[in-house]
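The values are calculated or read from the model by the stated rules, or taken from the named source; none is laboratory data. Only a predicted model underlies this, so the values are computations on that prediction, with no experimental measurement involved. Note that we place each Cβ from the backbone using ideal geometry, even for glycine, and neighbour counts take in every protein chain shown.
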Amino acid sequence: MKIAVASGKGGTGKTLVAVNLASVVAFERPTALVDCDVEAPNDHLFMKPTLGVPKPVCKRVPVIDEERCTLCGACSEACEFGAIAVIRNRVMVFDELCHGCGRCGLVCPSDAIREIDHPLGVIERGMAGDIAFGHGRLHIGEAMASPIIAELKRTTPERDWVILDAPPGTACSVITTLHGVDGVLLVTEPTPFGLHDLRAAVGVVRTLELRAGVVINREGTGDEDVERYCQDEGLPILLRIPFDRRIAEVGAEARVLVDALPEWRDHFAKLARDAEDLIA
Amino acid sequence: MKRIVFLSGKGGTGKTTLASVFARCVEDVTVVDADVDAANLHLVFRPEIEETGIYRGSSVAVRDDEACTGCGRCREVCRFDAIDADLEIDPLACEGCGACVTACPVDALRLVERPSGEWYVGRAARHPMVGAELYPGEEVSGKLVSVIREKADQIAKDEGSKRIAIDGSPGIGCPVIASTTGTQVAVLVTEPSRSGLHDLERILGVVRHFGVPAYLILNKADLSESLAEEIEAYAGREGLPLLGRIPYDERVLASLRVGRSPSDDPESPAGRAMAEAIAALMEEIG
């Protein structure tokens with residue numbers, strides 16, 4: 001089964017939940033952990049996998065054959081992203097705006113457009129103990145994360161459990177991560193920001209018609225609004241992690257909680273069972 | 001006019017909190033909440049909304065089933081797996097590029113604009129404020145950021161604001177780039193953790209890529225002494241000036257909960273340290 005760990009707000013503890021869930025599940029079942037936050041990937045800091053050779057992920061961008069080009073402007077007119085412009089006697093391509101859709105090549109009447117690879121980032125795979133590990137890295141200055149996430153998911157090996165650590169937010173990269181999963185764990189914190197962004201994340205989950213459970217992190221601030229919201233929405237709360245300086249310190253040093261504080265093993269094992277029940 | 005953007009790479013380090021302190025402590029500011037897919041700054045400032053609008057920045061392919069002959073050319077050219085074997089179009093996967101429209105031999109497809117988010121212009125107690133919320137799953141977060149930044153530029157010009165403060169989103173991709181280009185100062189907010197350091201390295205790469213001078217604020221600095229030292233050493237090596245170390249302080253949350261900037265709480269050590277860090281920034285940038 002494929003389960004994603006997501007949140008609207010950043011820094012709520014997605015990585016904490018993903019790496020600990022993977023560590024506990026992997027005792028009993030073949031497991032894969034995929035860090036889909038290709039803008040700010042952190043799972044590898046905790047799992048310390050041995051990684052293979054980075055594999056580039058590219059988009060196809062147009063190159064104009066100036067011999068053939070008649071400057072008719074059809075490519076520029078057809079581009080929905082403003083990535084091609086005819087300026088005086090030449091055609092300019094703005095690679096960073098190009099979505100790599102290939103429409104310009106389809107409309108060109110003079111066969112003057114060919115395409116080359118423009119690297120967006122890389123994906124890396126390896127093993128962290130028994131866990132099949134994968135993550136991606138968007139190159140600095142590049143905007144498009146989704147193609148890297150899609151490629152990362154496409155090349156993930158089959159395992160009983162596949163855990164996907166999603167990027168924060170509710171935009172396209174989150175949708176790409178959640179596409180085709182069996183269920184979602186939404187990680188939040190009991191703060192006004194946490195609640196506001198949880199609502200947005202629930203909006204995404206409902207749009208995609210996915211089953212979801214909630215993990216409340218840094219509990220114990222006396223804020224009941226998140227609990228109430230979950231009750232009203234019929235969202236089961238599967239795990240509560242209190243605010244505890246020891247947990248914060250373990251996380252700061254990128255140590256896996258269930259290894260550092262073994263009393264947490266049972267809690268994450270229960271989370272795994274509950275998540276399985278939720279999806280079944 | 002100076003544009004100051006608050007960024008972090010990693011989420012949840014305190015961008016919004018520091019941006020709120022900046023807006024409280026500095027005069028003549030127009031504020032932009034550019035974290036359009038998890039906007040929170042309005043929860044602190046509770047602005048009175050003066051104007052709103054729907055942003056239609058993306059398109060989706062729509063088929064005329066009467067005209068369609070089922071030839072499948074659309075599916076062949078789609079690079080986003082948005083058209084399945086039954087030629088159904090998945091609007092969430094559709095990039096709105098129109099390659100299918102071009103490829104269709106019988107003109108059965110067209111692009112339809114779709115609403116992708118809502119923006120607002122408002123006024124908080126001390127400053128004008130602009131923000132937006134992206135609809136779930138939309139991919140034009142960068143374009144929406146550009147739209148609200150243009151509005152903020154106009155307001156700042158009309159009102160003679162000397163500064164625009166931009167609260168950015170986590171990550172390093174599309175909306176972050178749209179928040180960073182054309183700014184004069186980047187304030188990077190991090191926390192003492194391995195993840196915080198790793199993501200700081202990435203966001204510093206981005207702001208330097210765009211030639212924006214950067215400053216660092218270390219938030220929740222006492223949560224790990226050893227990582228705090230490591231991050232300070234990193235900042236030293238990189239020539240990244242440290243504006244302040246903010247202690248972890250539960251009163252920050254208490255302030256945010258009642259819609260107050262932590263710097264307005266005289267009892268809060270973190271609130272004071274944040275105000276001092278912003279004062280240090282103003283010394284530097286004027």
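Confirm whether residue B:279 is closer than 29 Å to residue A:223 by Cα, out of contact with any Pro (no Cβ under 8 Å at 6 or more places or on another chain) and touching a residue at least 40 places away in the same chain (Cβ under 8 Å). Lay out the reasoning, then the answer.
Numbers: closer than 29 Å to residue A:223 by Cα: no; out of contact with any Pro (no Cβ under 8 Å at 6 or more places or on another chain): yes; touching a residue at least 40 places away in the same chain (Cβ under 8 Å): yes.
Against the criterion (closer than 29 Å to residue A:223 by Cα, out of contact with any Pro (no Cβ under 8 Å at 6 or more places or on another chain) and touching a residue at least 40 places away in the same chain (Cβ under 8 Å)), residue B:279 does not qualify.
Just one of B:96, B:72 is on the phi > 0 side of the Ramachandran plot and in contact with a Ser or Thr (Cβ under 8 Å, 6 or more places away or on another chain); which is it?
Working: B:72 fails: in contact with a Ser or Thr (Cβ under 8 Å, 6 or more places away or on another chain).
Result: B:96 is the single residue among B:96, B:72 that is on the phi > 0 side of the Ramachandran plot and in contact with a Ser or Thr (Cβ under 8 Å, 6 or more places away or on another chain).
If a residue counts only when it is touching a Lys or Arg at 6+ places or on another chain (Cβ under 7 Å), which strands (runs of 3 or more DSSP E) contained entirely in the stretch A:38-153 have at least 1 such residues? First the steps, then the outcome.
Numbers: elements: A:55-64, A:84-87, A:90-93, A:113-128, A:131-138.
The strands (runs of 3 or more DSSP E) meeting that bar are A:55-64, A:113-128, A:131-138.
For the residues B:130, B:145, the requirement of being part of a helix (DSSP H, G or I) and in contact (Cβ under 8 Å) with a residue 60 or more places away in the chain singles out B:145.
Taking the stretch B:240-278 as the range and being within 19 Å of residue B:23 (Cα to Cα), acidic (Asp, Glu) and assigned to a helix (DSSP H, G or I) as the test, the residues that pass are B:264, B:276. With respect to residue A:224, is the statement that it is at pLDDT below 95 and either acidic (Asp, Glu) or under 21 Å from the mean Cα position of the chain (by Cα) (or both) true? Spelling it out, residue A:224 is indeed at pLDDT below 95 and either acidic (Asp, Glu) or under 21 Å from the mean Cα position of the chain (by Cα) (or both). Taking the stretch B:14-120 and the helices (runs of 4 or more DSSP H) fully enclosed by it, the elements with 3 or more residues that are away from chain A (no Cβ under 14 Å) are at B:15-25. Filtering A:86, A:91 for residues that are more than 33 Å from the chain's Cα centre (by Cα), buried (at least 21 other Cβ atoms within 10 Å of the Cβ) and more than 10 Å from every other protein chain (Cβ to nearest Cβ) leaves a single hit, A:91. Residues of the stretch B:133-147 that are within 12 Å of another protein chain (Cβ to nearest Cβ), closer than 23 Å to residue A:203 by Cβ and of a type outside the set (D, E, K, R): B:134, B:135, B:136, B:137, B:140, B:141, B:142, B:144, B:145.
Conditions (1) under 30 Å from residue B:105 (Cα atoms); (2) free of Cβ contacts under 8 Å to residues at least 24 places away in the same chain; (3) touching a helix residue (DSSP H, G or I) at 6+ places or on another chain (Cβ under 7 Å), marked per residue:
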{"position": "A:73", "(1), (2), (3)": "yes, yes, no"}
{"position": "A:81", "(1), (2), (3)": "yes, yes, no"}
{"position": "A:85", "(1), (2), (3)": "yes, yes, yes"}
{"position": "A:101", "(1), (2), (3)": "yes, yes, yes"}
{"position": "A:108", "(1), (2), (3)": "yes, no, yes"}
{"position": "A:123", "(1), (2), (3)": "no, no, yes"}
{"position": "A:129", "(1), (2), (3)": "no, no, no"}
{"position": "A:161", "(1), (2), (3)": "no, no, yes"}
{"position": "A:169", "(1), (2), (3)": "no, no, no"}
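Return the total of residues in the stretch B:173-206 being polar (S, T, N, Q), away from chain A (no Cβ under 12 Å) and more than 13 Å from residue B:32 (Cβ to Cβ). So the count comes out to 1. Taking first residues from the stretch B:148-172 that are within 14 Å of another protein chain (Cβ to nearest Cβ) and partners that are part of a strand (DSSP E or B) and not hydrophobic (A, V, I, L, M, F, W, C), the Cβ contacts under 8 Å between residues at least 6 apart in sequence or on separate chains come to B:167/B:33. In the condition set (1) of a type outside the set (D, E, K, R); (2) within 23 Å of residue B:58 (Cα to Cα); (3) loosely packed, with under 13 Cβ neighbours inside 10 Å, residue A:157 is compliant with all but (2).
Condition first: surrounded by fewer than 21 Cβ atoms within 10 Å (Cβ to Cβ), modelled with pLDDT of 95 or more and outside any helix (DSSP H, G or I). Can you find one or more residues in the stretch B:227-239 that meet it? Full working, then the answer.
Of the stretch B:227-239, the ones surrounded by fewer than 21 Cβ atoms within 10 Å (Cβ to Cβ) are B:229-230, B:232-234, B:236-239.
Applying the additional criterion that residues be modelled with pLDDT of 95 or more yields B:229-230, B:232-234, B:236-239.
Now narrow it down to the ones that are outside any helix (DSSP H, G or I): B:239.
Yes; the residues of the stretch B:227-239 include at least one that is surrounded by fewer than 21 Cβ atoms within 10 Å (Cβ to Cβ), modelled with pLDDT of 95 or more and outside any helix (DSSP H, G or I).
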